[in-house]
Amino acid sequence: MKQVLRIISLSFVLIFSVSAAASDKIAVVNISDIFQQLPELIIVTHKLEKEFKDRTIVLQNMEHDLQTKIQNMQRNRSTMKVSDQLQMEKEIIKKREEFNTTVRVFDQDNRRRQIEERDKIIYKIQNAVQKVAKIKNYDLVLDRGAVAYVSSVKDITADVLKQVK
């Protein structure tokens, strides 16, 4: 996301600093559109789901066990000794902390892997943008999200999408 913001900021600076004579050598591309249309996105999504499937099942089982313990304690609290209640509460607290820690680690790992895979796709898109820009002789290609208006003639999204696929 930071990279996108840097690109947008740089785009605005470049838009205002490029002379009118060079405007024929500027194009736009909708990187977000390309990203969403790539078949690789579905493949990567399935790959990550498969990669994290076992850990997801473990988390679901942990959550189920914790909920069962809580329900048992609530249901049996009135018939339990105070010492047993305290012991069960301690066990529930310990299980909840274990679960929360496991969830945090899972989320961090999952997020890291998603970013790694997204970056691979974005790198591929950037290379395709560069190739199309060289072929069509553009000096500057901006992301469509950073531009308020541009003629559709200057939009190279379809060409880049063909290059990436």
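The values are calculated or read from the model by the stated rules, or taken from the named source; none is laboratory data. The structure presented is a predicted model; accordingly, all values stated were derived computationally and were not measured. Cβ: placed from backbone, ideal geometry, glycine included. Neighbour counts: every protein chain shown. Please note that ligands, DNA and RNA were not included when accessible areas were found on the heavy atoms of the full protein model with its side chains. Shrake-Rupley method; radii C 1.70, N 1.55, O 1.52, S 1.80 Å.
Observations on the model:
- Given K124/K162; K134/K154; K120/K162; K47/K69; K50/K95, the pairs whose alpha carbons are separated by over 22 Å: K47/K69; K50/K95
- Karplus-derived HN-Hα couplings along the stretch 86-98 (A = 6.51, B = -1.76, C = 1.60, θ = phi - 60°), whole Hz, x at Gly and Pro: 4, 4, 5, 4, 4, 5, 5, 4, 4, 5, 5, 5, 4
- Shown in residue order for the stretch 46-62 are the 3J(HN,Hα) couplings computed by the Karplus curve 6.51 cos²θ - 1.76 cosθ + 1.60 at θ = phi - 60°: 5, 4, 5, 4, 5, 4, 9, 4, 4, 5, 5, 5, 4, 4, 4, 5, 4 Hz (x for Gly and Pro).
- The 1.4 Å probe gives accessible areas that order M80, M73, largest first, as M80, M73.
- Net charge of Cβ neighbours under 12 Å - reference E116; Lys, Arg +1; Asp, Glu -1: +2
- Helix content alone sets the calculated 222 nm mean residue ellipticity of the chain: runs of n ≥ 4 DSSP H residues at -39500 (n - 2.57) each, divided across all residues, give -26500 deg cm²/dmol.
- Between the Cα long axis of helix 2-17 and the first principal axis of the chain there is an angle of about 20°, rounded to the nearest 10.
- Residues whose placed amide H lies under 5 Å from that of V141, excluding near-sequence neighbours: A27
- Proximal aspartates and glutamates to K165, defined as alpha-carbon separation beneath 14 angstrom and excluding residues fewer than eight positions away on the same chain: D33, E40
- Computed Kirkwood radius, in angstrom, where 1/r is averaged over Cα pairs of the stretch 26-164: 19.2 Å
- Share of pairwise Cα separations in the stretch 87-130, more than 15 Å, in percent: 63 percent
- About the centre of its Cα atoms, the stretch 80-165 shows a dipole size close to 380 debye [charges on the beta carbon of Lys, Arg (+1) and Asp, Glu (-1) only; nearest 20 debye].
- Value of Rg to Rh for the stretch 18-101 (Rh from inverse mean 1/r over Cα pairs, i.e. Kirkwood): 1.49
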